Amino acid sequence: MTFSRRILVPVLTFAALSLIGPILQAAQGDGEKLKQVSPQSVCMINKKHFDKPQTPVTVEGRTYYACCDMCKTQLVEDPKTRKDKDPVSGMEVDKATAAIGVDKEGHVYFFENADNLKKFRVPVKTE
């Protein structure tokens, strides 16, 4: 192995682990667990949890929820707003069928299934 390869391999390995570390911590870290909530209590556009039911929006036979007319319009007109990424698996999920969790601050997360929701921990904020 040449000198440059002996240096390059450890440097690249460290760089890759530095990128993967925060993802693994978010999925399995020591942060707060989420509370699973009903889709009806979530605005699926601004990803916020509410104490009262939100407005149902049916698109292509699936029901989404919005807090206002602007969010309702986005759900109807922009297919990308009806999807999100599961923070555990990295897979794209349809918000209408997702398991939904909320943290103490009211931020909403969408998951492929309830098992992924249970595995997830909110990343600890470093200040």
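The values are calculated or read from the model by the stated rules, or taken from the named source; none is laboratory data. This is a predicted model, so every value here is computed, not measured. For neighbour counting, all protein chains shown are included, and Cβ atoms are generated from backbone atoms with ideal geometry for every residue, glycine included. Only protein heavy atoms, including side chains, enter the accessible area calculation; ligands, DNA and RNA are left aside. Shrake-Rupley method; radii C 1.70, N 1.55, O 1.52, S 1.80 Å.
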For this session: Can you tell me the equivalent ellipsoid semi-axes for the range 34-75? Use √(5λ) from the Cα gyration tensor, largest first, whole Å.
Result: 17, 11, 8
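Where the accessible area of the range 64-103 is counted over protein heavy atoms with a 1.4 Å probe, how much of it, in %, is carbon and sulfur?
Carbon-and-sulfur percentage of accessible area, whole number: 51.
When a/c is below 1.5 the answer is rounded, else prolate if a/b is larger than b/c, else oblate, so apply that to the range 69-108 with a ≥ b ≥ c taken from the square roots of the Cα gyration tensor eigenvalues.
On the way: a/c = 2.66, a/b = 1.34, b/c = 1.99.
Verdict is oblate for the range 69-108.
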Seminar exercise, completed: the range 80-96 scanned against label point 7 Å out from N113 along Cα→C-beta; backbone N under 16 Å for 86-94
Exercise. Can you give the extra length, in nm with one decimal, that the chain gains between M91 and T73 once fully stretched, where that is 0.36 nm per residue apart less the Cα-Cα distance?
Worked result: 4.0 nm
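At 1.4 Å probe size, with every protein chain present, just tell me what the per residue accessible area of the range 23-127 comes to in Å².
Numbers: 6430 Å² over 105 residues.
Spelled out: the 1.4 Å probe surface of the range 23-127, per residue, equals 61 Å².
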For this session: Under 14 Å from the Cβ of G106, count the other residues' Cβ atoms, weight Lys and Arg +1, Asp and Glu -1, and hand me the total.
Result: +1
Problem set entry | Spin-label pair K35/E105, simplified geometry with 7 Å Cα→Cβ offset, distance in nm | 1.7 nm
